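To start, the structure under review is shown below, and the notes come after it.
The values are calculated or read from the model by the stated rules, or taken from the named source; none is laboratory data. Being a predicted model, the structure only gives us computed values, none of them experimental. All Cβ positions, even for glycine, are placed from backbone atoms using ideal geometry, and neighbour counts span all protein chains on display.
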Amino acid sequence: MTVKEQQKSDSGTSRDYNLQIDGISCAACVTNVERALKSVSGVEEASVNMGSSEARVRSQNVDINEMIRAVEKAGYGAVLLDEMGAPVDPEAPAQQKEDGTSTDGIGADSDAGTATGVTADDTRDSQAAAHRPQTSRFKRRFWIALPLAAVVFLLDMGPMAIPAWHQWVMGHLTAWNSVQMALTAVILFYTGSSFFTGAWRAARHRTADMNTLVAIGTGAAFLFSTYAVFFGREGGLVQPQDVYFETAAIIIALILLGKWMEERARHRSRDAMTGLLEMAPQRANRLVRDSGSADQAQDASTSQNADQAQDASTSQNADQAQAAST
């Protein structure tokens, strides 16, 4: 039985699902995803945690693929997670428990995972590995953008501090600005490409988010500066020196730094939560009252306490009777 078939067999009961959402960057993204999930018929409740990029959905008789399609239609990605945070394929066969019942990974116990050769540690490791590439991507792109942005800033502001350098640059202004344009293009359209693709995705779905703000701001500065390089005229409305390449470059570099710090903090929080989960015992033994030694010991102790209480009561009654006769 697949996960989808298991969901149909559980129709009439509410179920909780965890979804990993890809592309969340601001509070507007959270609102868009929640609205998309709640638009699916049968979804009772949907909440998105921006810190972990996970959605918690409570639904009744709803195909999980229908919820995933609703999220993708809103311009984001969605993957079903099990209770340990590991990705689950909705088309995968449901795991069989020892009592014959099925589980689709949502609310499954540790025995089911052990039976298939996947332990809780394996699922936590796979979940952590799924988040590391995004963290390293922001880190790598930041360290590419930072030196390039520093060079663009130096090329733009350096000549203002040295008159001789400024005079030489004014004689080669087009070539000088073209170098800044080329370096800024690498920063915007390689290291900052995710902002532009995110803005385009939001525009296709008639929404706006932080990516829209970054793309419009830096894109406008780049396009205006490019126009000034090739079509600017001395004394005209737009002059050749009216370029703002360093502004666009520095904005992208700083936002990449913020994204990297945010992802690193999120990763550390996830590791801390994983550490807390690892401290919890994986198995508990339940003592059943029968002829076991533990129950016998408890019965013997109870009997001994009863005998002691009876002896004390008898001794006390004898003392009271003796005092009364005296």
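Scan the stretch 215-238 and tell me whether some residue there is within 24 Å of the chain's Cα centre (by Cα) and part of a helix (DSSP H, G or I).
Filtering the stretch 215-238 down to residues within 24 Å of the chain's Cα centre (by Cα) leaves 215.
Checking the rest, the ones that are also part of a helix (DSSP H, G or I) come to 215.
Yes.
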Any pair with Cβ under 9 angstrom, 6 or more apart, that starts in the stretch 210-231 at a residue that is assigned by TED's automatic domain parsing to the domain that holds G258 and ends at one that is assigned to a helix (DSSP H, G or I) and of a type in the set (D, E, K, R): N211/R201
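At pLDDT 75 or above, part of a helix (DSSP H, G or I), surrounded by 11 or more Cβ atoms within 10 Å (Cβ to Cβ) and at negative phi: which single residue out of A249, A272 fits that description? Even if it seems obvious, please write down each step before you answer.
Numbers: A272 fails: surrounded by 11 or more Cβ atoms within 10 Å (Cβ to Cβ).
Result: A249 is the single residue among A249, A272 that is at pLDDT 75 or above, part of a helix (DSSP H, G or I), surrounded by 11 or more Cβ atoms within 10 Å (Cβ to Cβ) and at negative phi.
Taking the conditions exactly as written (within 15 Å of A185 (Cα to Cα) and in the same structural domain as L188 (by TED's automatic domain parsing)), does T274 satisfy them or not?
Values: within 15 Å of A185 (Cα to Cα): no; in the same structural domain as L188 (by TED's automatic domain parsing): yes.
For T274, the condition - within 15 Å of A185 (Cα to Cα) and in the same structural domain as L188 (by TED's automatic domain parsing) - is not met.
If you go through the stretch 140-168 one residue at a time, how many are in contact with an Asp or Glu (Cβ under 6 Å, 6 or more places away or on another chain) and aromatic (F, W, Y)? First the steps, then the outcome.
Let us first name the residues in the stretch 140-168 that are in contact with an Asp or Glu (Cβ under 6 Å, 6 or more places away or on another chain), namely 152-153, 156.
Of the ones still in play, those that are also aromatic (F, W, Y) are 153.
Residues flagged as in contact with an Asp or Glu (Cβ under 6 Å, 6 or more places away or on another chain) and aromatic (F, W, Y) within the stretch 140-168 amount to 1.
Looking only at the stretch 18-34, which residues are outside any helix (DSSP H, G or I) and either among the polar types (S, T, N, Q) or without any contact (Cβ under 8 Å) to a residue 24 or more places away in the chain (or both)? Walk me through how you get there before you give the answer.
So the first thing to find is which residues in the stretch 18-34 are outside any helix (DSSP H, G or I), and the list is 18-26.
N18, Q20, S25, listed by residue number.
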